[in-house]
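First the structure, in the form of structure tokens, and then the observations on it.
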Amino acid sequence: MPASYAYLGPEGTFTEVALRTLPETATRELIPYVSVQSALDAVRAGEAEAAFVPIENSVEGGITTTLDELVAGAPLMIYREVLLSITFALLVRPGTKLSDIKTVSAHPAAQPQVRNWLKKNLPDAHWESAASNADAARLVQEGQYDAAFAGEFAAARYGLEALETGIHDAENAQTRFVLVGRPARPAAPTGADKTSVVLWQRDDHPGGLRDLLGEFATRGINLMLLQSRPTGAGIGNYCFCVDAEGHISDRRVAEALMGLKRICLQVRYLGSYPRADMQPVDVQPPRPGTSDDEFVAAADWVARCQDGRF
């Protein structure tokens, strides 16, 4: 496997900035790709060791392009996550004034994060989506658009200047990025982990989603993300992307996954990996009956009953 990481490019994206916070990038070749799909496909094809892509932001939730790519195609696994605080700059060609701007561009995920600023300051500007915020800056450099919302750090890379900085509609906005590779044994638990899965129901019935969530709730497992995505099989057909606290080696998480495998049409395991904030899972004492020790004790009791040792 090549010692390289693919990432959503071109150079100058927030993705690249977040990726470079990982210590191992000092020994990897970082290769920009034009889309999330192409970066992940590079891993599937063996052209890259891993891909680094955005998966969620604190304003709009899950990045649907990434979720859909992880749901479909050959299985991949998440190994790391990074949180990056996001503020935008309005990048323009030198000499451009605010009154000159008729078209603006950025990645679709940026639009909800600057919508109010845009309405207040450029109400008549036409929005054009780009493959990434850095690609929008490149298109401004080439003269296709008047301005781009991107990181201020991208200005020098594309010969632009920041007409406005610190743009955001929501204070403390963050984007979550994940390092994705081919399936392998998960890293050892750290005590501050999350587990990601995709769930497909066997059939549509009243309480179907409750049945899925019940596998987590009865074991005291908190969910950190729950997002439905269409399966493509018709209106009303959805799968569910779930992030749950804990590691697959935790007894309660393993039992929840076994229960889901039993009742679901399909379960896709996307990995167990350290939380970016390293917040321990059990900050509060677990609910009675849901600690790993109690699961071990219950399993031991059943085994003793089977052996006639009760």
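The values are calculated or read from the model by the stated rules, or taken from the named source; none is laboratory data. This one's a predicted model, so the numbers in the text were calculated from it and none came from an experiment. Cβ: placed from backbone, ideal geometry, glycine included. Neighbour counts: every protein chain shown. With ligands, DNA and RNA removed, areas are computed over all heavy atoms of the protein, side chains included. Shrake-Rupley method; radii C 1.70, N 1.55, O 1.52, S 1.80 Å.
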Describe numerically, in nm with one decimal, the distance between label points set 7 Å from Cα along Cα→Cβ at R115 and at A74. 3.8
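Given charges of +1 on the Cβ of Lys and Arg and -1 on the Cβ of Asp and Glu, with all other atoms neutral, how large is the dipole of the chain about its Cα centre, in debye to the nearest 20?
Working: 29 positive and 39 negative charges, 93 e Å.
Value, rounded to 20: 440 debye.
Quick check on the chain: of the DSSP beta bridges with both residues there, what percent are antiparallel, nearest 5%? Numbers along the way, then the final one.
On the way: 48 of 62 bridges.
That works out to approximately 75 percent antiparallel.
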Where labels lie 7 Å past Cα in the beta-carbon direction, separation of A156 and Q279 in nm: 3.5
Using Cα positions and a limit of under 24 Å, work out the lysines in reach of K102, with same-chain residues fewer than 8 apart set aside. K119, K120
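Which value at 222 nm does the chain reach when only helices count, each DSSP H run of 4 or more adding -39,500 (n - 2.57), with the total divided by all residues and rounded to the nearest 500 deg cm²/dmol? Spell out each step's value before the answer.
Details: 9 runs with 85 residues, N = 310.
Taking each H run of at least 4 residues, the total per residue is -8000 deg cm²/dmol.
Would you mind working out the magnitude of the charge dipole of region 88-167 relative to its Cα centre, with +1 at each Lys and Arg C-beta and -1 at each Asp and Glu C-beta, to the nearest 20 Debye?
Numbers: 8 positive and 9 negative charges, 30 e Å.
So the magnitude is around 140 debye.
Quick one: accessible area per residue over the chain, 1.4 Å probe, rounded to a whole number of Å²? Mind showing how you got there, number by number?
On the way: 14960 Å² over 310 residues.
Each residue of the chain exposes 48 Å² on average to a 1.4 Å probe.
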Does anything in region 157-186 have its amide N under 19 Å from the 7 Å Cα→Cβ label point of N222, and if so which residues? 174, 176
Cα centroid separation, region 239-310 to region 169-188 (Å): 21
Could you point to the label whose value was computed as Kirkwood radius over Cα pairs in Å for the structure here, given (i) 24.2; (ii) 23.4; (iii) 21.3? (iii)
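Hey, any idea what % of region 88-167's accessible area is carbon plus sulfur with a 1.4 Å probe?
Details: 1640 of 3650 Å².
So the carbon and sulfur contribution to the accessible surface is 45 percent.
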Projected onto the charge dipole of the chain (unit charges on the beta-carbon of Lys, Arg, Asp and Glu, signs +1, +1, -1, -1), the Cα from Q174, A184, W117 with the largest positive-side position is that of A184
